[in-house]
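Notes to accompany the following structure.
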Amino acid sequence: MAVERLADGLASERVDHRFKALPPDAEGRTVGELAAERRNLFRDGFTTPVLALSAESVEHNLALMESYSAHHHLAFAPHGKTSMAPQLFDRQLAHGAWGITAAVPTHVRVYRAYGIQRIFLANEVVDAAALRWLAAELDADPDFRFICYVDSLRGIELMDAALRAAGARRPVDVVIELGAGDGARTGARTEDECRALADALAGTDTLRLVGVAGYEGEVPDATPERVLAWLRRLLALAVEFDGAGRFAGIDEIVLSAGGSAWFDAVADVFAEVPELSTPVLKLLRSGAYISHDDGHYRHLTPFNRVPEEGALQPAFRLWAQVVSRPSPGQAFLNAGKRDAAYDLDLPTAQVVRSGRDGTVRPAAGITVTGLSDQHTWIATEAAGDLEVGDWVGMGLSHPCTSFDKWQLIPLVEADGTVTDYLRTFF
Ligand SMILES: Cc1ncc(COP(=O)(O)O)c(C=O)c1O
């Protein structure tokens, strides 16, 4: 079944108590019916706190990374763990993405349930039950393309044993992960270890070596020079493997790296790929770009270094209401750690919407100082800065841990009209 039709099926889900902040009077409608009502986020029954995703900014970000990838001749497999939202996967694919990146087999199950045909799993998979399921999925659908990492001999042994036991008919395509340096996260630490892994893969018929990959986002004490140096090691490994005939018999060599902090460096180094024995799929995996943010990624985005290539727009705004104003210097909102990303930075107050007349003003003099489970701690400079009933619009830091707190996220136009609801699967 076509991807679009599968994700469209989400529109028939019923709106009820499972979904935070949706209007209580919408109970029992389908998501599609509610979207068709084009309600206003501020006036039409939504309860606080409510997370809004800007329709315009998401569209802008999708289009920008599509043109960026095309301009730099990169294929794009955005990391789906950021949003886990099949409706956004549809739109990423419609905006030219090659496929979607996953981190664990559970992601792959969600993606397959929504018809994703090309999946890059940026991890080793050594779980026999997951490999059994994967083998059946691959055997049942010749058009399903799946690639995952290997970074250890034991991993190869476990994968081979599980795939044999499952009676897998198609080999699983793998790329060798080169670690991003000493003390980095996963990935074989040395080229010698990578060679040993390639030798071991050549001795199995359940696994097929199709390329090399890694994640520059984990380069320790990253500087542009260190990131470029590591990416050049990755490229040299691909060239060496090709020269040694390790990719013989495949029709496409896979070379993959790239989150949302260094895709400029990835584009520069991948542009240096020489002519190899077969075409190279240069696969970028940025995920956080889709919503971008008002903290971590705002500081780290490569577009700060190459502003002439565009700028992402932060798409999230968390609206929470003042529920207590116990002293002139203190106010408390009803959003907390259950609603906002807090692993990298606290939310920041951006605007105040008057609880009296709906006028919106900058959040001058208002500082978020902490988060409890279900409270935002606010320090105010003047007693008149806020009153009970006002709504405060906050910017967030870290897309991944913003999406994961919400199961149905209103997509909202600049004037407050909610045009759709994004279902997430965490
Ligand atoms: C292996 C891997 N690839 C790609 C990404 C995507 O990076 P980002 O979240 O910066 O877009 C991540 C994110 O953690 C990752 O771990």
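The values are calculated or read from the model by the stated rules, or taken from the named source; none is laboratory data. Predicted model, so just to flag it, every value in this text is computed and none were measured. Note that we place each Cβ from the backbone using ideal geometry, even for glycine, and neighbour counts take in every protein chain shown.
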Among the numbered criteria (1) out of contact with any strand residue (DSSP E or B) (no Cβ under 6 Å at 6 or more places or on another chain); (2) closer than 23 Å to R118 by Cβ, which single criterion is violated by P224?
(2)
Suppose the filter is away from the ligand (no atom under 16 Å from the Cβ) and either hydroxyl-bearing (S, T, Y) or over 18 Å from G295 (Cβ atoms) (or both); does W377 pass it?
no
How about the stretch 199-217: which of its residues are out of contact with any Gly (no Cβ under 8 Å at 6 or more places or on another chain) and either β-branched (V, I, T) or within 12 Å of G179 (Cβ to Cβ) (or both)?
T204, T206, V210, V212, A213
So E240 clears everything in (1) under 27 Å from the mean Cα position of the chain (by Cα); (2) of a type in the set (D, E); (3) more than 16 Å from the ligand (Cβ to nearest atom) except one condition, right? Which one?
(1)
Just for the stretch 172-182: of the residues that are more than 18 Å from L255 (Cβ to Cβ) and buried (at least 17 other Cβ atoms within 10 Å of the Cβ), which one is modelled with the lowest pLDDT?
G181
Filter the stretch 276-294 down to the residues that are within 15 Å of the ligand (Cβ to nearest atom) and of a type in the set (V, I, T) and list them by number.
I290
What pairs can you find where one residue is in the stretch 253-275 and within 16 Å of the ligand (Cβ to nearest atom), the other is of a type in the set (F, W, Y), and their Cβ atoms are less than 6 Å apart, with a gap of 6+ or different chains?
S260/Y289; S260/Y297
Six or more apart or on different chains, Cβ atoms under 6 Å: show the pairs whose first residue is in the stretch 396-417 and in the same structural domain as L41 (by TED's automatic domain parsing) and whose second is among the β-branched types (V, I, T) and within 13 Å of the ligand (Cβ to nearest atom).
P399/T82; C400/T82
Being in contact with a strand residue (DSSP E or B) (Cβ under 7 Å, 6 or more places away or on another chain) and within 16 Å of the ligand (Cβ to nearest atom) is the requirement here; does G179 meet it?
yes
Looking only at the stretch 117-130, which residues are out of contact with any helix residue (DSSP H, G or I) (no Cβ under 8 Å at 6 or more places or on another chain) and either crowded, with 23+ Cβ neighbours inside 10 Å or part of a strand (DSSP E or B) (or both)?
R118, F120, A122, N123
Could you please let me know if A11 is exposed (fewer than 15 other Cβ atoms within 10 Å of the Cβ) and among the small types (G, A, S)?
no
Would you pick out the residues in the stretch 199-237 that are more than 16 Å from the ligand (Cβ to nearest atom), of a type in the set (A, V, I, L, M) and under 24 Å from H73 (Cα atoms)?
L209, V210, L228, A229, L235, A236, L237
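Results for (1) surrounded by fewer than 17 Cβ atoms within 10 Å (Cβ to Cβ); (2) closer than 16 Å to L411 by Cα, shown as yes or no for each residue.
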residue: A21; (1), (2): no, yes
residue: R38; (1), (2): yes, yes
residue: V50; (1), (2): no, yes
residue: G80; (1), (2): no, no
residue: M84; (1), (2): no, yes
residue: F89; (1), (2): no, yes
residue: Q92; (1), (2): no, yes
residue: G96; (1), (2): yes, no
residue: G99; (1), (2): no, no
Candidate set from the stretch 228-249 (those that are under 17 Å from D173 (Cα atoms) and touching a helix residue (DSSP H, G or I) at 6+ places or on another chain (Cβ under 8 Å)); member that is surrounded by the most Cβ atoms within 10 Å (Cβ to Cβ):
F247
Failed condition for D127, given (1) acidic (D, E); (2) in contact with a strand residue (DSSP E or B) (Cβ under 9 Å, 6 or more places away or on another chain); (3) farther than 18 Å from R208 by Cβ, with all others met?
(2)
One residue from R169, R145, R195, R185 being charged (D, E, K, R), within 13 Å of the ligand (Cβ to nearest atom), modelled with pLDDT of 95 or more and surrounded by fewer than 23 Cβ atoms within 10 Å (Cβ to Cβ):
R185
Which condition from (1) under 27 Å from A257 (Cα atoms); (2) in contact with a strand residue (DSSP E or B) (Cβ under 8 Å, 6 or more places away or on another chain) is the one that N61 breaks?
(2)
When residues of the stretch 293-310 are filtered for being touching a residue at least 12 places away in the same chain (Cβ under 8 Å) and either assigned by TED's automatic domain parsing to the domain that holds G395 or out of contact with any Asp or Glu (no Cβ under 7 Å at 6 or more places or on another chain) (or both), how many remain?
8
What residue, among those in the stretch 92-120 that are farther than 13 Å from L134 by Cα and hydroxyl-bearing (S, T, Y), is nearest to the ligand (Cβ to nearest atom)?
T101
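Would you mind stating whether T278 is β-branched (V, I, T) and without any contact (Cβ under 8 Å) to a residue 24 or more places away in the chain?
So T278 does not fit the description; no.
Yes/no matrix, rows are residues, columns are (1) over 19 Å from F425 (Cβ atoms); (2) in contact with a strand residue (DSSP E or B) (Cβ under 7 Å, 6 or more places away or on another chain); (3) among the basic types (K, R):
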{"position": "G365", "(1), (2), (3)": "yes, yes, no"}
{"position": "D373", "(1), (2), (3)": "yes, no, no"}
{"position": "G384", "(1), (2), (3)": "yes, no, no"}
{"position": "L408", "(1), (2), (3)": "no, yes, no"}
